[in-house]
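Right, one structure below, let's go through it.
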Amino acid sequence: MNKKPSQLRWIIILLSLFVFLILALSLAYAGVSFMFSRWLPVISGYWFSMSVALAGFVLFCISATIISHMFGPRTFPIIDEVIGAMQKISKGDFDVNLEHLEKQEPFSELADNVRVMAKDLKRMEQLRQQFVSDVSHEIQSPLTSISGFAKVLRGGTVTDQTRDHYLAIIETESKRLSVLSDNLLKLASLDSEHHPFNPMPYRLDRQLREIALTLEPLWLEKKLSLQVELPEMTTIADEDLMRQVWINLLTNSIKFTPNDGEIKIDAALESGEYHVHIRDTGNGIPIDDLPRIFERFYKADRSRNRTQEGSGLGLSIVKRIIERHNGSIEVKSSVGDGTVMSVLLPRGHEHFSGSLD
């Protein structure tokens with residue numbers, strides 16, 4: 001903060017001092033003249049002038065003290081506390097307490113904002129630490145498996161059948177690491193706002209049908225019934241990014257729907273937005289887990305087989321991609337009643353004219 005008085009403040013101070021100087025000299029002259037004329041009628045001009053000057057100086061000093069008190073910098077204890085809190089925050093210490101500051105004090109709103117900022121930064125730091133911990137755990141687990149089975153294979157005492165089994169596990173864990181690395185890079189790219197984003201008009205209903213056919217081996221293997229009821233839908237979006245959204249959501253539905261279950265994809269246009277629903281008859285998601293399923297590395301059911309549940313990044317990527325399109329995603333689910341994933345995606349036709357065949 002700049003503590004030097006502004007130019008306007010200096011002008012006011014100088015004008016005030018000049019005025020008080022004139023007043024001080026005038027009062028001194030009047031007072032000295034009155035006293036000398038009453039008690040010392042005969043006195044030389046030298047002593048009279050000296051008396052006027054001395055009295056004027058005293059009055060001027062008193063006036064200057066008053067002006068200094070009026071225009072001098074005032075200190076606010078709340079500012080000192082806020083500055084101290086911000087210095088702690090800059091050093092990574094977010095445990096600041098400004099709640100004791102009274103609301104009627106000056107700058108109390110500033111203290112409130114600093115307190116809120118400290119809480120948000122602390123929460124972000126906790127999320128960052130948790131993210132690092134989760135990444136380390138997800139990487140360490142397959143590395144341990146790969147290292148352990150490789151060590152056993154080097155011993156050369158296993159049968160051909162066991163060797164093939166161990167090699168298959170090593171291959172699976174290696175692929176898992178590759179997918180994890182790819183997803184982490186993708187999330188980092190999406191968060192940086194520098195990820196390639198090329199919205200173009202295309203037929204959304206065709207994309208959904210093509211993805212359903214692409215995943216046909218997965219849902220046929222589990223003897224699932226897949227129904228697709230889609231109207232003609234043309235939207236403006238990044239087709240590659242949205243393809244990943246539908247693949248992740250549909251793959252999850254297939255993965256967590258028991259054999260002989262049902263999956264349905266339908267959509268409707270409401271208030272200028274496409275509402276795409278992916279419904280399944282799976283096991284559902286516990287209500288306590290619903291608010292957290294889009295968090296990175298969060299897994300609603302940690303009892304599932306590690307190689308089948310993935311890394312817990314898929315829904316985080318889905319949510320981030322949809323947000324890049326100014327859309328949103330909602331989930332409704334309950335244990336035993338299946339899950340409905342609803343994607344709300346703007347049509348985007350305000351920048352597009354024409355039709356697609």
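Here Leu187, Leu153 are screened, and the one residue that is part of a helix (DSSP H, G or I), in contact (Cβ under 8 Å) with a residue 60 or more places away in the chain and surrounded by 13 or more Cβ atoms within 10 Å (Cβ to Cβ) is Leu187. Among residues that are over 27 Å from the mean Cα position of the chain (by Cα), surrounded by fewer than 18 Cβ atoms within 10 Å (Cβ to Cβ) and in the same structural domain as Arg324 (by TED's automatic domain parsing), Glu239 is not included.
Just wondering, is there one or more residues in the range 152-163 that are closer than 30 Å to Phe294 by Cβ and among the charged types (D, E, K, R)?
No, there is no match, as no residue in the range 152-163 is closer than 30 Å to Phe294 by Cβ and among the charged types (D, E, K, R).
So in the range 181-213, with the set limited to residues that are of a type in the set (S, T, N, Q) and modelled with pLDDT under 90, which one is nearest to His137 (Cα to Cα)? The qualifying residue nearest to His137 (Cα to Cα) is Ser181.
Can you find a residue in the range 81-88 that is closer than 30 Å to Leu15 by Cα, surrounded by 14 or more Cβ atoms within 10 Å (Cβ to Cβ) and either modelled with pLDDT of 65 or more or of a type in the set (Val, Ile, Thr) (or both)? No, the conditions are met nowhere in the range 81-88. Answer yes if at least one residue in the range 163-171 is in contact (Cβ under 8 Å) with a residue 60 or more places away in the chain and surrounded by 12 or more Cβ atoms within 10 Å (Cβ to Cβ), and no otherwise. No; the residues of the range 163-171 include none that is in contact (Cβ under 8 Å) with a residue 60 or more places away in the chain and surrounded by 12 or more Cβ atoms within 10 Å (Cβ to Cβ).
Report the residue count in the range 197-228 for those that are surrounded by 16 or more Cβ atoms within 10 Å (Cβ to Cβ), over 37 Å from the mean Cα position of the chain (by Cα) and hydroxyl-bearing (Ser, Thr, Tyr).
To start, the set of residues in the range 197-228 that are surrounded by 16 or more Cβ atoms within 10 Å (Cβ to Cβ) comprises 199, 201-205, 207-208, 211-212, 215, 219, 224, 226.
Within this subset, residues satisfying the condition of being over 37 Å from the mean Cα position of the chain (by Cα) are 219, 224, 226.
Next, from what is left, pick out any that are hydroxyl-bearing (Ser, Thr, Tyr): none.
Within the range 197-228, residues that are surrounded by 16 or more Cβ atoms within 10 Å (Cβ to Cβ), over 37 Å from the mean Cα position of the chain (by Cα) and hydroxyl-bearing (Ser, Thr, Tyr) number 0.
Taking the condition within 19 Å of Lys222 (Cβ to Cβ) and modelled with pLDDT under 90, does Gly272 pass? Talk me through it step by step, then tell me what you get.
Numbers: within 19 Å of Lys222 (Cβ to Cβ): no; modelled with pLDDT under 90: yes.
So Gly272 does not fit the description; no.
Checked against (1) part of a loop (DSSP other than H, G, I, E, B); (2) modelled with pLDDT under 90, Ser178 passes all but a single condition, namely (1). Just one of the numbered conditions (1) hydrophobic (A, V, I, L, M, F, W, C); (2) modelled with pLDDT of 90 or more; (3) part of a loop (DSSP other than H, G, I, E, B) is not true of Ala300: (2). Answer with yes or no whether Ser147 is among the small types (Gly, Ala, Ser) and closer than 30 Å to Arg324 by Cα. Considered against the rule, which asks whether it is among the small types (Gly, Ala, Ser) and closer than 30 Å to Arg324 by Cα, Ser147 comes out as no. Among all residue pairs at least 6 apart or on different chains, which show Cβ distances below 8 Å where the first residue, located in the range 323-343, is basic (Lys, Arg) and the second is in a strand (DSSP E or B) and at pLDDT 90 or above? Taking only residues 6 or more apart or on different chains, the pairs are Lys332/Thr339; Lys332/Val340; Lys332/Ser342. Remark: pairs (first residue in the range 127-147, not assigned by TED's automatic domain parsing to the domain that holds Arg296 and among the acidic types (Asp, Glu); second residue in a helix (DSSP H, G or I) and surrounded by 10 or more Cβ atoms within 10 Å (Cβ to Cβ); Cβ separation under 8 Å; 6+ apart in sequence or on different chains) = Glu138/Leu180. Please work out if Val179 is of a type in the set (A, V, I, L, M), in contact (Cβ under 8 Å) with a residue 60 or more places away in the chain and surrounded by fewer than 18 Cβ atoms within 10 Å (Cβ to Cβ). Considered against the rule, which asks whether it is of a type in the set (A, V, I, L, M), in contact (Cβ under 8 Å) with a residue 60 or more places away in the chain and surrounded by fewer than 18 Cβ atoms within 10 Å (Cβ to Cβ), Val179 comes out as yes.
Tell me, please, whether a residue that is out of contact with any helix residue (DSSP H, G or I) (no Cβ under 9 Å at 6 or more places or on another chain), over 20 Å from Lys319 (Cα atoms) and among the small types (Gly, Ala, Ser) can be found in the range 270-281. Yes, some residue in the range 270-281 is out of contact with any helix residue (DSSP H, G or I) (no Cβ under 9 Å at 6 or more places or on another chain), over 20 Å from Lys319 (Cα atoms) and among the small types (Gly, Ala, Ser).
The values are calculated or read from the model by the stated rules, or taken from the named source; none is laboratory data. Note that the coordinates shown come from a computational prediction; the quantities given were computed from them, not determined experimentally. A quick note on method: Cβ atoms are made from the backbone with ideal geometry, for glycine too, and the neighbour counts reach across all protein chains shown.
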